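Visitor: Input: one structure, supplied below.
Computed from the coordinates by the stated procedures, all read-outs in this text should not be read as laboratory data. This one's a predicted model, so the numbers in the text were calculated from it and none came from an experiment.
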Amino acid sequence: MTISTLSEQVVWLRPIAWYTGFIRFLAGASMLSVVAIMTAQVIARYVFNSSLIWAEELCRYILIWQTFLFIGMAYSRGELVAVDIIPDLLTPKVRFVLKLLTAIPIVIFLWLMMTNGYDYSTRFARQVVPAIDFITMSLIGRGVGVSIFWVYVSVAVGSFLLMLHILGSLVGDFLEIRSGAPDAAHHHTKPQA
């Protein structure tokens with residue numbers, strides 16, 4: 001491998017490393033938020049005999065975003081359920097062709113989910129998220145009117161990110177096969193330690 005090839009790889013790896021770090025930060029921050037909100041809800045209910053009427057709804061929206069944001073990372077790490085009996089028996093080139101053939105309908109489906117999910121989310125842009133209005137009403141005395149669009153658009157964003165992960169995995173596998181790597185087109189779908 002030449003110095004210029006190595007430096008080209010480093011340039012391409014920087015955005016991927018930034019994205020991975022950002023997604024991991026979001027995963028931790030969003031999970032911490034859910035735990036903090038539900039802990040406050042339990043304390044309010046059982047210690048103060050009251051309830052935070054917005055807690056369950058806000059946690060639901062955070063969990064929806066978690067699902068769609070982090071599914072691409074789960075795919076890249078090989079953490080989604082898969083049956084690898086047949087692909088494990090194939091040569092790297094045939095395995096890549098099989099992966100490509102299965103990726104085509106998946107990418108088409110994700111494209112439809114992305115475009116239709118965005119269209120659906122814009123239809124309800126005038127509705128507000130009640131949980132956030134409850135929070136701001138108790139803090140500043142008025143609702144801020146955050147649109148439900150920001151909850152529904154998670155489907156489009158998550159579908160787009162998963163599509164990028166699938167296409168990136170295919171490109172990586174193709175480049176490894178082309179370079180003659182010994183276990184090409186296989187490590188992208190196996191769990192990483």
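Visitor: Gain in length, D88 to I64, computed as 0.36 nm per residue apart minus the alpha-carbon separation, to one decimal in nm?
Guide: 5.3 nm
Visitor: Over the residues of region 64-110, compute the C-alpha Rg and express it relative to 2.2 N^0.38 Å.
Guide: Against the compact-globule rule of thumb, the ratio is 1.34.
Visitor: Quick one: Debye curve from the alpha-carbon atoms of region 40-138 only, equal weights, vacuum; give me log10 I(q)/I(0) at q = 0.13, 0.15, 0.18 Å⁻¹ to two decimals.
Guide: -0.74, -0.85, -1.01
Visitor: Which three extents, in whole angstrom, do the alpha-carbon atoms of region 3-189 cover along their principal axes, largest first?
Guide: Principal extents (Cα only, largest first): 64, 38, 35 Å.
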